[in-house]
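Structure first, then comments.
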Amino acid sequence: MHKNLKKYLFFFISSIFLIFVSYRYFLYSVSFAFVDEYDNVVAGYFMSKGYSLFSQIFHNRQFGMVFISYVLQVITKPESLYSLILVHRLSIIFFSFAFFLLLSVRFGIIGMVFSVLFEVLKFFLFGNLFLAESFIVYPVVYFFLLYFDDKKEISLLEQIFIVVSFIFVVFMREVYIPLALFLFIALLVRYKKFNKSFLFIGLVIAISFVFKFIDLKEYYYQLVKLNSLRLVPDSKHFEGVNIISSLFYFIILLFKGPWNDFRIISVAYSLLFILSLIFLLLKNKEKIALFMFIALSLAAIRTIEPGKPFYGTYRLIQFYALLISSILVSIIIFRRFKIKMGRPIEILLIAVFFFSVFNKSSFLFTKIDRNKEFNIAYNRYFVGGEVIKLLKKDNDKLFVDGYDSLLFYTSQAKPSFKYVFYYPVMINVKMYEKEKNEMFITNKPSFYFIDCISRSTAKIPKIVEREYVQFSYDRTKGDTCLYISKEKAYTIDPEQLNKIAKTYGYFLNLSPKNDLKYQ
């Protein structure tokens, strides 16, 4: 009874704390603009407009996130960019809290402690953004903790949940399929009475879905063939996969990267894991240590320089989650076998938690202006989209040369390119280059947008230089990233241009040398 009382009390305290954390994530729910997030969102938007994924929408990732976004948009029908971003971020908040409840019920204290530690840390990892990595981390941790659970059998309901979760992870993010396979196979070996028919039925349903709704040829080309470049060293488009870094990232953390609060927390967790690993080996728990090592290596299949939070670090969400889980599992093992070495690790873990909460970079107590955050992150997409929306007619189309695909949503413009998006990864790929060149001839866009920074690396097509006019920004007297075809510019009512100039600060220089009347 006393033990259960402590458990319920800790659950109550954890719930209150995580509700507070969730509220803080809500305050940050319109902060940060990240292409990997809004790529999923805009693809889902076009699906809601009747476009088919892969055959009409380029997407070199698994399709799970796009379908989730599609369902969210069909159900909630967001009417503004603000509400669009908010709806998707809220889905992560609710999903995270639901898994906190599930992990707490299934694994008790260890599930609660994991959620408390991880939810505080994941801000540095973009774990609050609408990314596949933010979703799949919870089923991955569930598999990991289940492997070490002391129960000898699992219920039929849990077996079904495991199969569904496995398929969910596989079709959410392709790079973590090896990790999902490793953990799933480990569970099949661990629980010998696992009903394999559930797996068969689940795979049949999933594969049937793929055959019905996905263009297999385009799916294979975009997901497998193009992404295989990730394994090629010195690729211009993809980061290489470094096996040594993946195997020993928890050690590399100690010696590389800039020092900041995130790096301090990372090093602390890494040291605690190394201590746990040493103690396990000293107590002849080699199999457990090896299992943790393999799982962490697969979770760190894509690494970046340590100590750099936010952009890029989202690739390591699974790694940090399993790092924390490994430490917690080690503590449970030490307690189970009455190994005193675990006590110092528990004390240090509490210290790491308090530092994570109260460090100067903590998002939990920072004052935040949501409107300001939204304007900083999304102003370029909002303003550019509004300008296009005011000027476009029904037959006008937009081509976005780069990652700024949110413009399609804000402008409500139709895409001129066959695959909607034209990302840097498609540059120098003959099929896409050919489609792009033909587009400017047969389906010429009225509006062309290129990331201003990318103009130094990505060449603006010569036809754009010849036949388009660039908008300028009157407050800085500098160029914007938006171009309009001269044919379209010639038809615009001067009052519309004045309205755009007054409202958004965009103006168009239609001097004689740029005006078709004089050519």
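Kirkwood radius, region 342-453, all distinct C-alpha pairs, inverse of mean reciprocal distance: 17.5 Å.
Here the Karplus curve 6.51 cos²θ - 1.76 cosθ + 1.60, taken at θ = phi - 60°, turns the phi angles of region 36-50 into couplings of 4, 7, 6, 4, 4, 5, 5, 4, x, 4, 5, 4, 5, 9, x Hz, with x standing for Gly and Pro. Local charge for residue 35 was computed over the other residues whose Cβ lies under 12 Å away, with Lys and Arg +1 and Asp and Glu -1, and equals -4.
Pairs spanning more than 19 Å between alpha-carbon atoms, out of 392/499; 372/414; 444/488; 49/217: 372/414; 49/217. Checking the a/c ratio against 1.5 first, then a/b against b/c, what shape does the Cα gyration tensor give for region 370-518? The shape class here is oblate. The distance separating the Cα centre of region 353-370 from that of region 327-343 comes to 30 Å. For the chain, the mean residue ellipticity at 222 nm estimated from helices alone is -19000 deg cm²/dmol, where every DSSP H run of n ≥ 4 contributes -39500 (n - 2.57) and the total is divided by all residues, rounded to the nearest 500. Partner lysines whose Cα lies under 21 Å from the Cα of residue 308, excluding those fewer than 8 positions away in the same chain, are identified as 122, 256, 360.
Annotation for region 410-425 versus region 246-290: alpha-carbon center distance of 44 Å.
Values in this text are rule-based calculations from the coordinates and carry no lab data. Model, not experiment: these values are computed from the prediction. When we count neighbours, we look across all protein chains shown, and the Cβ atoms used for this are built from the backbone with ideal geometry, even at glycine.
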